[in-house]
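Colleague: Handing you this structure, nothing more for now.
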Amino acid sequence: MNGFDNINALWLIGGLVLVLSALSARRLSFGFILRSLLSWALIILIAILAVANRNELAALWSQATERLGIQDQQVDGQIVRIRMGTDGHFWARVTINGIQRRMLIDSGATITAVSAETAQAADISVSAGIPVMIETANGTVAAQRGRIKRLSIGPLEAQDLGVVISESFGNLDVLGMNFLSRLHSWRVENNTLILEPTRGAPDHGKTERVPAPQRQP
């Protein structure tokens, strides 16, 4: 069992103990307490599984919304349109070296940044050397530099893209200006971010500009 599993187990045990203590204080029947414990254990287990498999669930959700015609990201020829999320930010469904991720589009970030988990899953090569210091909303963190072979949002694509990687980013992946500056243009209309490729770019070729929420990786 790894550290993550140990933490989940402790949360589960702690939650059950709290629930049991609360129910016992009310002097309820043993059967009612047992059913309540099982219900809470199931809820906690579902929550833990949802967090552990959040990326897979996000991919399934994207597929479902696309089939229902309510997707938040649409492709019109070579133009990509992304609707603003309920949190006021623009989130893109991105493919990094063949794997899908949900990334925050941030014009305030000078470089694309990914979590250690994403870097491992996408097999992103990490450069040897002294870590670089990155300014984030939560302070300064150390990060390693790396290169993404291929990153795409629908038909918009960049190859050999610089990236910074750190466990301090948690599960947040940020698409920075080093990708956005390769676009020909961007604009926001009716809470929709519109990304356009470089003029004359092939359907699956390299892309090359976007304002988005100001948030550091």
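The values are calculated or read from the model by the stated rules, or taken from the named source; none is laboratory data. What you see is a predicted model; the values in this text were computed from it and never measured. So basically every Cβ, Gly included, is an ideal-geometry build from the backbone, and we count neighbours across all protein chains shown.
Table: residues versus (1) at pLDDT below 95; (2) under 18 Å from the mean Cα position of the chain (by Cα).
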residue: Ala122; (1), (2): no, yes
residue: Gly129; (1), (2): yes, no
residue: Met177; (1), (2): yes, yes
residue: Val188; (1), (2): yes, no
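Colleague: State whether the residues of segment 197-210 include one that is basic (Lys, Arg), modelled with pLDDT under 85 and either in the same structural domain as Gly77 (by TED's automatic domain parsing) or not in a strand (DSSP E or B) (or both).
Modeller: Let us first name the residues in segment 197-210 that are basic (Lys, Arg), namely 199, 206, 209.
Still in the running and modelled with pLDDT under 85: 199, 206, 209.
Pick out the ones that are also either in the same structural domain as Gly77 (by TED's automatic domain parsing) or not in a strand (DSSP E or B) (or both) and you get 199, 209.
Within segment 197-210, one or more residues are basic (Lys, Arg), modelled with pLDDT under 85 and either in the same structural domain as Gly77 (by TED's automatic domain parsing) or not in a strand (DSSP E or B) (or both).
Colleague: For segment 157-171, how many residues meet the condition of being buried (at least 18 other Cβ atoms within 10 Å of the Cβ) and outside any helix (DSSP H, G or I)?
Modeller: 7
Colleague: A follow-up question, please. Have a look at Ala128, Ala143 and point out the one that is surrounded by 18 or more Cβ atoms within 10 Å (Cβ to Cβ) and either not acidic (Asp, Glu) or not in a loop (DSSP other than H, G, I, E, B) (or both). Explain how you work it out, then say what you get.
Modeller: On the way: Ala128 fails: surrounded by 18 or more Cβ atoms within 10 Å (Cβ to Cβ).
So the residue among Ala128, Ala143 that is surrounded by 18 or more Cβ atoms within 10 Å (Cβ to Cβ) and either not acidic (Asp, Glu) or not in a loop (DSSP other than H, G, I, E, B) (or both) is Ala143.
Colleague: Continuing with this model, one more query. It is to be established whether one or more residues within segment 116-129 are of a type in the set (D, E, K, R) and within 21 Å of Asp72 (Cβ to Cβ).
Modeller: Residues of segment 116-129 that are of a type in the set (D, E, K, R), as a first pass: 117, 123.
Remaining after also requiring within 21 Å of Asp72 (Cβ to Cβ): none.
The answer is no; no qualifying residue exists.
Colleague: Tell me which of these Glu135 doesn't satisfy, since it passes every other one: (1) in a loop (DSSP other than H, G, I, E, B); (2) over 27 Å from Asn53 (Cα atoms).
Modeller: So the condition that Glu135 fails would be (1).
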